[in-house]
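Undergrad: Structure provided below as structure tokens; questions to follow.
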Amino acid sequence: MSDNPQSEVTQLRRQLKAYVSQAHNNEQKLRRFQEQELKFISANGLEELLNTLLYDYRRNFNLDAVTLLLLDPEYEMRHILEGLGLLQKHQDVLFDADLAGIKQLLPDVLRPRLGLCRDDCASLLFPNTHPAPDSSAIFPLVRNRQLIGTLNIGSSQPERFITGSATDFLERLAAVLAVCFENALNHERIKLLGLIDPLTGIHNRRYFDERLVEETSRAQRQGQPLSCLFLDIDHFKQFNDRFGHSIGDHVLREVANTIKSHMRASDVLARFGGEEFAILLIQKDRDEAMEIAERIRAAVAVRPLRIAAATDANITVSIGCAVLTETHEVTVPEDASRTLLNLADQALYQAKEAGRNRVCSTD
């Protein structure tokens with residue numbers, strides 16, 4: 001028993017006040033993490049999930065850097081995010097083809113690492129953060145005991161993330177993020193399956209129709225050209241009847257691959273139906289579109305296809321070209337997209353009427 005009971009009571013009161021304050025802080029921290037978890041869970045798709053992680057989470061928790069490193073050996077996730085237009089928006093989404101870099105930072109890839117942010121950590125996990133963080137926390141994103149990536153948090157304060165710090169809340173948040181990200185990715189995979197032509201592996205008409213309205217609206221807002229090519233394989237029905245559908249399928253795949261080799265990643269290619277293909281050339285005017293169309297036509301015509309032993313077939317295509325311009329005086333994107341497609345179809349008809357294996361354009 002202390003010789004000074006009053007002093008002991010004062011000390012106990014201070015300790016109690018400190019405990020109550022700490023409990024209150026922990027309660028507030030828990031509430032904030034729970035709110036963040038709910039935002040992850042309620043995110044509508046990959047884009048909203050990434051916005052919530054890379055912007056909202058970073059701002060709400062006063063962090064200097066937040067990045068997401070995805071293990072993507074087959075480049076599947078990169079292609080999905082690129083197709084959604086998310087790679088340009090989110091430079092803090094990173095990709096790695098194997099575990100080599102991650103294992104240097106996480107000897108146990110299933111356990112988090114907190115501490116000073118070394119040069120190798122900064123170059124791999126925070127390449128776009130300048131200056132590099134002084135301390136960092138790396139949390140594995142794990143599904144079915146398999147690493148799918150890491151959630152990486154950086155701070156300019158060296159003492160913000162130190163070895164031995166309590167990480168319960170952050171580990172739970174990373175686990176929730178892993179589940180939400182996998183679910184959102186699977187949702188995009190399912191959507192993508194419904195937008196791909198199974199025979200040629202390129203997009204189908206449904207996807208093209210959606211992108212046509214989107215790109216038409218964007219071109220109108222930004223005052224930029226948008227060109228459409230409508231392409232048809234010449235005499236395909238006769239070819240199909242003569243050699244059979246399996247050879248016809250081979251021709252469709254070869255033509256699709258040839259077209260794709262002359263396009264940029266930002267352009268849109270789809271099998272429109274049967275032997276018809278449709279192409280959107282983003283920010284390309286009439287002269288540029290006609291040049292690309294002519295390159296495609298020549299590339300198809302110059303390459304005979306082996307369809308049987310010692311038997312080659314010469315394949316040609318007819319192409320119609322149209323460009324969306326202000327002179328069409330159509331303001332509603334849906335109407336403008338129909339106008340553009342109809343003009344390209346009319347130009348294709350002209351190419352066929354003029355003898356096929358050629359490119360025609362509407363005025």
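Undergrad: Right, Gln238: of a type outside the set (A, V, I, L, M) and at positive phi or not?
TA: no
Undergrad: Among the listed residues Lys39, Lys89, identify the single one that is crowded, with 17+ Cβ neighbours inside 10 Å and either under 22 Å from Lys191 (Cα atoms) or modelled with pLDDT of 90 or more (or both). Working first, answer last.
TA: On the way: Lys89 fails: crowded, with 17+ Cβ neighbours inside 10 Å.
Testing whether each residue is crowded, with 17+ Cβ neighbours inside 10 Å and either under 22 Å from Lys191 (Cα atoms) or modelled with pLDDT of 90 or more (or both) leaves just Lys39.
Undergrad: Just checking, which of Arg160, Arg111 is closer than 23 Å to Phe33 by Cβ, buried (at least 18 other Cβ atoms within 10 Å of the Cβ) and more than 27 Å from the chain's Cα centre (by Cα)? Walk me through how you get there before you give the answer.
TA: Numbers: Arg111 fails: buried (at least 18 other Cβ atoms within 10 Å of the Cβ).
Among Arg160, Arg111, only Arg160 is closer than 23 Å to Phe33 by Cβ, buried (at least 18 other Cβ atoms within 10 Å of the Cβ) and more than 27 Å from the chain's Cα centre (by Cα).
Undergrad: Looking at region 199-252 only, could you name the residues that are free of Cβ contacts under 8 Å to residues at least 60 places away in the same chain and among the hydroxyl-bearing types (Ser, Thr, Tyr)?
TA: Answer for region 199-252, where residues must be free of Cβ contacts under 8 Å to residues at least 60 places away in the same chain and among the hydroxyl-bearing types (Ser, Thr, Tyr): just Ser246.
Undergrad: Mind telling me which of the residues Arg221, Arg211, Arg206 ends up being more than 24 Å from Arg286 (Cα to Cα), out of contact with any Lys or Arg (no Cβ under 9 Å at 6 or more places or on another chain) and either in a strand (DSSP E or B) or of a type outside the set (Ser, Thr, Tyr) (or both)?
TA: Values: Arg221 fails: more than 24 Å from Arg286 (Cα to Cα); Arg211 fails: more than 24 Å from Arg286 (Cα to Cα).
Going through Arg221, Arg211, Arg206 in turn, the sole match is Arg206.
Undergrad: Going through Gln283, Gln222 one at a time, which residue ends up being surrounded by fewer than 22 Cβ atoms within 10 Å (Cβ to Cβ) and at pLDDT 90 or above?
TA: Within the list Gln283, Gln222, the selection yields Gln283.
Undergrad: Suppose we keep only residues that are in a loop (DSSP other than H, G, I, E, B) and in contact (Cβ under 8 Å) with a residue 40 or more places away in the chain within region 90-127. Which one would you say is nearest to Arg172 (Cα to Cα)?
TA: Pro112
Undergrad: What's the number of the condition Ser227 fails, among (1) surrounded by fewer than 22 Cβ atoms within 10 Å (Cβ to Cβ); (2) farther than 16 Å from Ile196 by Cα?
TA: Going through the list (1) surrounded by fewer than 22 Cβ atoms within 10 Å (Cβ to Cβ); (2) farther than 16 Å from Ile196 by Cα, Ser227 breaks only (1).
Undergrad: Moving on to the next point. So, restricting to helices (runs of 4 or more DSSP H) that lie completely within region 224-309, which ones have at least 2 residues that are in contact with a strand residue (DSSP E or B) (Cβ under 8 Å, 6 or more places away or on another chain) and of a type in the set (Asp, Glu)?
TA: 286-301
Undergrad: Quick one: in region 62-89, which of the residues that are in a loop (DSSP other than H, G, I, E, B) and within 12 Å of the chain's Cα centre (by Cα) is farthest from His203 (Cα to Cα)? Don't jump to the end; show me each part of the working.
TA: Going residue by residue through region 62-89, those that are in a loop (DSSP other than H, G, I, E, B) are 62-64, 72-75, 84-89.
Narrowing the set further to residues that are within 12 Å of the chain's Cα centre (by Cα) leaves 75, 84-89.
Values: Tyr75: 18, Leu84: 14, Gly85: 16, Leu86: 19, Leu87: 20, Gln88: 21, Lys89: 23 Å.
So the residue we want is Lys89.
Undergrad: Please find, within region 131-144, the residue that is surrounded by the fewest Cβ atoms within 10 Å (Cβ to Cβ) out of those that are in a loop (DSSP other than H, G, I, E, B) and over 25 Å from the mean Cα position of the chain (by Cα).
TA: The residue in question is Pro131.
Undergrad: So Asp241 clears everything in (1) more than 30 Å from Arg264 (Cα to Cα); (2) assigned by TED's automatic domain parsing to the domain that holds Ile41; (3) among the charged types (D, E, K, R) except one condition, right? Which one?
TA: With respect to (1) more than 30 Å from Arg264 (Cα to Cα); (2) assigned by TED's automatic domain parsing to the domain that holds Ile41; (3) among the charged types (D, E, K, R), Asp241 is out only on (2).
Undergrad: Shifting gears a bit: Could you list, in sequence order, the residues of region 258-267 that are touching a residue at least 40 places away in the same chain (Cβ under 8 Å) and of a type in the set (S, T, N, Q)?
TA: The answer is Thr258, and nothing else.
The values are calculated or read from the model by the stated rules, or taken from the named source; none is laboratory data. Please read these numbers as outputs of a predicted model, since none were measured by experiment. When we count neighbours, we look across all protein chains shown, and the Cβ atoms used for this are built from the backbone with ideal geometry, even at glycine.
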